[in-house]
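In what follows, a single structure is set out as structure tokens and then discussed.
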Amino acid sequence: MEFTEVKYIVSHLMGAPQVLTVGSSGKTSYRSHTNGQLLDRPEIGLYETTLDSSRVAVIEKLLSKWPLSEIPDHKATMPQGGLTRLLRITTPSEEMVKEVGPADPVDPRLQEILDFFDDVVQEVMKFPRQVLHVSITIPSIGQEDEISVELQLSNESKEPLYLRRPSDLVSQTDGWLRIEVWPAVPEPGSMWSEQKVYIDPEQVDAILEDNEKSGFCTIAPWTNRKFILRGRLPGKHGRHVARVSYCNFTERIDEKFLIVGHVYTTPVEFEVP
């Protein structure tokens, strides 16, 4: 099937879906707003590459394998606001849309197509254009149950990044910055939701802070910014696990377009005395 454009849209985050776009020329982009389904990749942002003509030919062959109009999907039974996967295929003469949800079985033919584009996502993610990578050090516990952790925001791509400052996320709305802590070994007799502690930092200190006072910071390609987050973790002892949750929904500050989305750091283990 000759196509003009294929969009594969996955709604893991309300209002900010994951979007893969493949053009007939091979130009391909993937915009990720959350790593909630790829926790081993603590990053979000824009990836871009150009598929060669043979790869485009494989897509055309796959889309021609069956009459797409005859393949059933879940559009008629989709709940409002639920997790969806949507495939929008534009040809020179028409547009076809297939949509599936997480609960009902997916037709094997449609599943084969979705699996293929999941593989394309992994391929495109090898080529970051504007990508935020996050990581933390092992937390330390000080006096009066103070927990502190170093958060590193890295630009592992070829264009500058504009980000909400961590201190701005703490003091404002439209996002959040949290330290999440839970036991390294689950506590018997209690639910998982009862074991996790969410800590809103009381203090955020930048390491090598610049003089800008705006709500965003700039990270040049292949550089990073580091911040110390401090909060309280009362009444906990023994081995625990921590990660930081960084989330921003503000799209623009001072004419700068910001990284939007929710990203988790890789969890690290630490000891609470």
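Values in this text are rule-based calculations from the coordinates and carry no lab data. Worth saying up front: this structure is predicted, and the values here are computed from it rather than measured. Please note: Cβ atoms are built from the backbone with ideal geometry, for glycine as well, and neighbour counts cover all protein chains shown.
For segment 70-223, the equivalent ellipsoid built from the Cα gyration tensor has semi-axes of 39, 25, 15 Å, listed from largest to smallest.
Over segment 132-272, calculate the relative contact order: mean separation of alpha carbon pairs under 8 Å at least 6 apart, over the residue count, as a percent.
Details: 320 pairs, mean separation 48.4, N = 141.
That works out to 34 percent.
Pairs exceeding a 18 Å alpha-carbon distance, out of Lys75/Lys98; Lys126/Lys158; Lys27/Lys75: Lys27/Lys75.
The alpha carbons of segment 40-81 give a radius of gyration and a Dmax of 16.6, 39 Å, in that order.
Net charge in the neighbourhood of Arg252 (other residues with Cβ under 12 Å of its Cβ; Lys, Arg +1, Asp, Glu -1) is -2. Restriction of the trypsin sites (Lys or Arg not before Pro) in segment 37-139 to DSSP coil positions whose beta-carbon has at most 16 other beta-carbons within 10 angstrom yields Lys65, Lys126.
Restricting the calculation to alpha carbons of segment 120-204 gives Rg and Dmax of 16.8, 50 angstrom.
Over all other residues within a Cβ to Cβ distance under 12 Å of Asn155, the charged ones net out to 0, with Lys and Arg as +1 and Asp and Glu as -1.
With viscosity set to 1.306 mPa s and temperature to 10 °C, compute the Stokes-Einstein D of segment 132-272, Rh being the Kirkwood radius across alpha carbon pairs; µm²/s, no decimals. Each step should come with its number before you reach the end.
Values: Rh = 15.8 Å.
After rounding, the answer is 100 µm²/s.
Charge tally around Leu233: other residues with Cβ under 13 Å, Lys/Arg +1 each, Asp/Glu -1 each, net -2.
Along each principal axis, taking the top coordinate minus the bottom one, the Cα set of segment 4-43 gives 31, 21, 10 Å in descending order. Here the alpha carbons of segment 1-103 define both size measures, Rg and Dmax, at 14.7, 41 Å.
If you run the Gaussian network model on the chain, springs between alpha carbon atoms under 10 Å, then out of Ile71, Ile138, Ile228 the most flexible one is Ile71.
Which GluC sites (Glu not before Pro) in segment 194-253 pass both tests, a DSSP loop state and at most 15 other beta-carbon atoms within 10 Å? Let's see the in-between values first.
Numbers: sites: Glu194, Glu202, Glu209, Glu212, Glu251; in loops: Glu202, Glu209, Glu212, Glu251.
Qualifying residues, ordered by number: Glu202, Glu209, Glu212, Glu251.
Dimensions of the chain along the principal axes, based on C-alpha atoms and rounded to the nearest Å, stand at 67, 50, 30, largest first.
Pick out, in residue order, every one of the GluC sites (Glu not before Pro) in segment 81-176 that is DSSP loop and has at most 10 other C-beta atoms within 10 Å; say none if there are none. Could the numbers behind the result be given before it?
Numbers: sites: Glu94, Glu95, Glu99, Glu112, Glu123, Glu144, Glu146, Glu150, Glu156; in loops: Glu94, Glu156.
In loop regions of segment 81-176 (DSSP not H, G, I, E or B), the sparsely surrounded GluC sites (Glu not before Pro) are Glu94.
Can you tell me the orientation of helix 108-124 relative to the chain, as the angle in degrees between its alpha-carbon axis and the longest Cα principal axis, to the nearest 10? Once rounded, one gets 50 degrees.
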